[in-house]
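Since the structure comes first, as structure tokens, the remarks are kept for the end.
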Amino acid sequence: MTDSNQWLDSLPAPNGILESVQRRGREALTQTKAPNNSFENWRLTDIRKLENLLTLPVYKKENSIENDFPLKVVRPPSDGIRLILNHNSDPLERVNLPKGLSSLTKLELEQNLGRTNAKCLFQEEWPVALNYASASNLLALKVTGKAPPIELILSSNPNQFNPTRVIFVLEENAELDLLEIAMGSEESAHSHLIEIHLSQESKVQHGMIAIGKKDSHLLCNIAIQQDIRSEYSLTCVQTGWSLARLEPHVVQVNGNAKTNIKGLQLSKKDQQLTTNTQIRFDGPDGMIEQLQKSAATDKSQCIFNGVIEVPRIAQRSNASQLSRNLLLSKKARIDTKPELRIIADDVRCAHGATVSQLKEDELFYLRSRGISSAKAADLLLKGFYQEILSLLPVEADRWDVLNTLLDS
Amino acid sequence: MINKDSKLILEITDLHARIEDQAILQGVNLRIKAGEIHAIMGRNGSGKSTLSKIIAGHPAYTVTSGEIKYKGENLMNMEPENRSRVGIFLGFQYPVEIPGVSNLEFLRVATNARRQELGEEELDTFDFEDLVQKRLELVQMDPAFLNRSVNEGFSGGEKKRNEILQMALLEPSLSILDETDSGLDIDALRIVAAGINQLAKPNTATLLITHYQRLLNEITPDFVHVMASGRILRTGGSELALDLEKDGYEWVEKINKDKEKV
């Protein structure tokens, strides 16, 4: 593994609103061993691909999002706002925030920044330390009442390491629909960290569309803290990255909240896509429903590790976790590990995993109706993907993700 | 309706087939002309469903000898989708559920594949919806089922109605209906049977596969065949089905064994 010290030396001196965080991140990196396959969490990761990350400079050029990104062809959400986030400019510059959204004050920022990360035990994670060390800008918003939907564009430059960081704090009874769009540029890396704190009875519908390009890399950490009677739904779709690692961690701090996680990853060529989720009930009467789907073709690999922790305090929790996977070629690989860690004795928990190819009886049924085998396979894949895509919030159809997936 | 001068639609000659290492069909012979309704009856495992799947081109089965001709053309090297396009329809005993695929879209794609073969213009979404609404009346099916995934969460009866709806849209020349009566209550059976009767025309042929007389009370076959051990043992008129209902299959098999001894 490439020495991270060299990469750290290439960073500019800590500065700006995240100066202290940068110092902390850099310190952590000097003291933390870079991941290798002997670490349980990185056991299956292609470490050679990780090495590429640390060869990319953080600050190279001004962002050229208009050139690289299909923003001109995808209209903004009709009733919401579009914000563009990059590492070197204020995302709220020239933006009038609508009712229900406001910037966190300095005090609020001090109180909240990193708090949810700590609850989710992200502090010690290597990808988070990378983000801490390099991110220089931040989108930090408070949500009050029912806010208009937000589309958040996470911009990325080619031949560059692109760090972005976001924090949302929802007040009691607040509601937010959020769609994040990350489209990797060629030979780039994107490090994204988002924290969302849901106060009592607040609701978030969170979507993430992450589509990479040639030799692009994504490290994405999603930290969610739920107070009682809050509801959080996450729908993630990722494809096209040489290496991607999506890690949503959710903590129901006093239980009695609802969490719904749906994920879809499609890998091709020699890509390696990973989703690692961790959900913890720190109180009773919590609910989690999770469905993770993967499809792998060519000689690519999809990995899913899903941990649900139900400690003794989490009595009457209700957890359901399902992993459904399609192997679309002989050389592709699927590794899936749904995992329930249950200590409480009065709970309803179920989990399961299936790995299969396209079903012959389904293909024959469609073919027996005059549909060619290629079109039949397309229809079946479409059905497989659509179950997840249909749940993306904020008029996500505008991004035509289905055709991107089918073109693969 | 028997008409000596009608064109031959299906001609099966000495058909042998297997799945993996297991021989299932062992010399099937069958000729069906336009306008005729045939019924194949037989015990479980006699080869009835296998025969229907082989005619439709199921890739899991291998034809080891014999041939199947449809309107004079050898089907052996024809893909299942092409068999459908030229007018062969198989109504499934267990219609497959396909989550996430809209029933309406599936029906439209299938209908357009057939129309293309017939040299007709493909239907866009709006025109297709007009057509499908008319065809729904034939099977008295709730239009809400169009917006659901193919067969997903349908009851047994709804699945069978959906099969007949597909038959009505594809307008096949040869319809093979594999145990269409299974899972139907009496009212649903009458509706489905009425649909099949309406779709049977002088230029089409129908092959019913069934265990029971009750379907044949609603659809009168011109010929009844009894199948056992991968062969058609006996052929008769509609009265043969009544004899089977009364006496079971044993007597047919016994006659066959006696013949073999001779």
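Find the residue count for the stretch B:117-132, including only residues that are more than 9 Å from chain A (Cβ to nearest Cβ) and either part of a helix (DSSP H, G or I) or in contact (Cβ under 8 Å) with a residue 60 or more places away in the chain (or both). Residues meeting the conditions: 8.
The set of residues from the stretch B:85-106 being among the hydrophobic types (A, V, I, L, M, F, W, C) and over 20 Å from the mean Cα position of the chain (by Cα) comprises B:ILE98, B:VAL101, B:LEU104.
A single member of A:LYS337, A:LYS359, A:LYS331, A:LYS375 is in contact with a Lys or Arg (Cβ under 7 Å, 6 or more places away or on another chain), without any contact (Cβ under 8 Å) to a residue 40 or more places away in the chain, surrounded by fewer than 19 Cβ atoms within 10 Å (Cβ to Cβ) and not polar (S, T, N, Q), and it is A:LYS331.
Looking across B:ARG135, B:ARG114, B:ARG161, B:ARG108, one residue alone is in a helix (DSSP H, G or I) and within 30 Å of B:ALA17 (Cβ to Cβ). It is B:ARG114. All of (1) polar (S, T, N, Q); (2) buried (at least 16 other Cβ atoms within 10 Å of the Cβ); (3) within 14 Å of chain B (Cβ to nearest Cβ) hold for A:SER300 with one exception: (3).
Consider B:VAL96 carefully, then state whether it is within 8 Å of another protein chain (Cβ to nearest Cβ), of a type in the set (Val, Ile, Thr) and either surrounded by fewer than 14 Cβ atoms within 10 Å (Cβ to Cβ) or not in a strand (DSSP E or B) (or both). Judged against the criteria, B:VAL96 is a match. Would you call B:SER102 crowded, with 22+ Cβ neighbours inside 10 Å and either within 14 Å of chain A (Cβ to nearest Cβ) or farther than 30 Å from B:GLU245 by Cα (or both)? Judged against the criteria, B:SER102 is not a match.
Does B:GLU36 satisfy the condition of being away from chain A (no Cβ under 14 Å), among the acidic types (Asp, Glu) and more than 19 Å from A:GLY370 (Cβ to Cβ)? Spelling it out, B:GLU36 is indeed away from chain A (no Cβ under 14 Å), among the acidic types (Asp, Glu) and more than 19 Å from A:GLY370 (Cβ to Cβ). Given the criteria away from chain A (no Cβ under 14 Å), at pLDDT below 95 and crowded, with 21+ Cβ neighbours inside 10 Å, does B:ARG190 qualify? Taking the combined requirement at face value, the residue does not satisfy it.
Out of the stretch A:150-169, which residues are part of a loop (DSSP other than H, G, I, E, B) and either crowded, with 22+ Cβ neighbours inside 10 Å or without any contact (Cβ under 8 Å) to a residue 60 or more places away in the chain (or both)?
A:SER155, A:SER156, A:ASN157
Checking each residue in the stretch B:69-84 for being over 15 Å from the mean Cα position of the chain (by Cα) and more than 19 Å from B:VAL150 (Cβ to Cβ) picks out B:LYS69, B:LYS71, B:GLY72, B:GLU73, B:ASN74, B:LEU75, B:MET76, B:ASN77, B:MET78, B:GLU79, B:ASN82. Might you let me know whether the stretch A:153-171 holds any residue that is closer than 16 Å to A:GLN226 by Cα and of a type in the set (Gly, Ala, Ser)? Within the stretch A:153-171 (the criterion being closer than 16 Å to A:GLN226 by Cα and of a type in the set (Gly, Ala, Ser)), the answer is no, since none of the residues qualifies.
With respect to A:THR116, is the statement that it is β-branched (Val, Ile, Thr), surrounded by fewer than 14 Cβ atoms within 10 Å (Cβ to Cβ) and either in contact (Cβ under 8 Å) with a residue 24 or more places away in the chain or within 17 Å of A:SER199 (Cβ to Cβ) (or both) true? Criteria not met by A:THR116.
Only one of the numbered conditions (1) under 25 Å from B:ALA200 (Cα atoms); (2) assigned to a strand (DSSP E or B); (3) within 14 Å of chain A (Cβ to nearest Cβ) is not met by B:ARG31, and that is (3).
Looking across B:VAL63, B:VAL109, one residue alone is touching a residue at least 12 places away in the same chain (Cβ under 8 Å), over 18 Å from the mean Cα position of the chain (by Cα) and either closer than 26 Å to B:ALA34 by Cα or within 14 Å of chain A (Cβ to nearest Cβ) (or both). It is B:VAL63. Kindly check whether there is at least one residue in the stretch A:244-251 that is β-branched (Val, Ile, Thr), under 28 Å from A:LEU53 (Cα atoms), touching a Leu at 6+ places or on another chain (Cβ under 9 Å) and buried (at least 24 other Cβ atoms within 10 Å of the Cβ). There is at least one residue in the stretch A:244-251 that is β-branched (Val, Ile, Thr), under 28 Å from A:LEU53 (Cα atoms), touching a Leu at 6+ places or on another chain (Cβ under 9 Å) and buried (at least 24 other Cβ atoms within 10 Å of the Cβ). Just to be sure, is A:GLU195 among the acidic types (Asp, Glu), outside any loop (DSSP other than H, G, I, E, B) and crowded, with 24+ Cβ neighbours inside 10 Å? Spelling it out, A:GLU195 is indeed among the acidic types (Asp, Glu), outside any loop (DSSP other than H, G, I, E, B) and crowded, with 24+ Cβ neighbours inside 10 Å. Considering only residues that are in a loop (DSSP other than H, G, I, E, B) and more than 21 Å from A:PRO149 (Cβ to Cβ), which ones fall in the stretch A:94-127? Result: A:THR105, A:LEU113, A:GLY114, A:CYS120, A:LEU121, A:PHE122, A:GLN123, A:GLU124, A:GLU125. For B:LYS69, the stated conditions hold: it is more than 14 Å from chain A (Cβ to nearest Cβ) and not hydrophobic (A, V, I, L, M, F, W, C).
The values are calculated or read from the model by the stated rules, or taken from the named source; none is laboratory data. All values derive from a computational prediction rather than experimental measurement. Every residue, glycine among them, receives a Cβ derived from its backbone with ideal geometry; neighbour counts consider all protein chains shown.
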